[in-house]
1. Which of the following residues is in a helix (DSSP H, G or I), out of contact with any His (no Cβ under 7 Å at 6 or more places or on another chain), at pLDDT below 85 and open to solvent by 80 Å² or more (accessible area, probe 1.4 Å): 32, 77, 85, 61?
2. For segment 35-58, name all the residues that are modelled with pLDDT of 90 or more and not in a helix (DSSP H, G or I).
Amino acid sequence: MEAVVRRDAFTTIHVYVPPYETNILRNLFGRENVTVFERATKTTITPKQEYDRLCAKYGHEVVAKVFGEDDGDRLMEIVEGLMNEKATVQELQVGKANEGQLEPKGAKKR
């Protein structure tokens, strides 16, 4: 997802983050200072790597405050769920594309 973060009156930054990372940005900068735009992106990171990445970027205390003091278990469940959801959406898109290929162009529908 693309997020626009207003850090102060003169500083606005654009970042690309997974959907669950927007919660951390809202926690740090305030809900009213984070605007999110949905964009399709691909990721190859594992849930464990994602927990480590967020801790390195924001600190363990911030990640624990947003996702809970469970050593990343809740965050990993969110990441796995998001990965499964994206896989299902992609399978549906491929299926719809294949359905359209079965019908010859110019054929009349009844």
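1. Exactly one of 32, 77, 85, 61 is in a helix (DSSP H, G or I), out of contact with any His (no Cβ under 7 Å at 6 or more places or on another chain), at pLDDT below 85 and open to solvent by 80 Å² or more (accessible area, probe 1.4 Å), namely 85.
2. Within segment 35-58, 35, 36 qualify.
The values are calculated or read from the model by the stated rules, or taken from the named source; none is laboratory data. A quick note: this is a predicted structure, and the numbers were derived from the prediction, not measured. Cβ coordinates were reconstructed from backbone atoms using ideal geometry, including for glycine residues, and neighbour counts include every protein chain displayed. Surface accessibility is based on the protein's heavy atoms, side chains included, excluding ligands, DNA and RNA. Shrake-Rupley method; radii C 1.70, N 1.55, O 1.52, S 1.80 Å.
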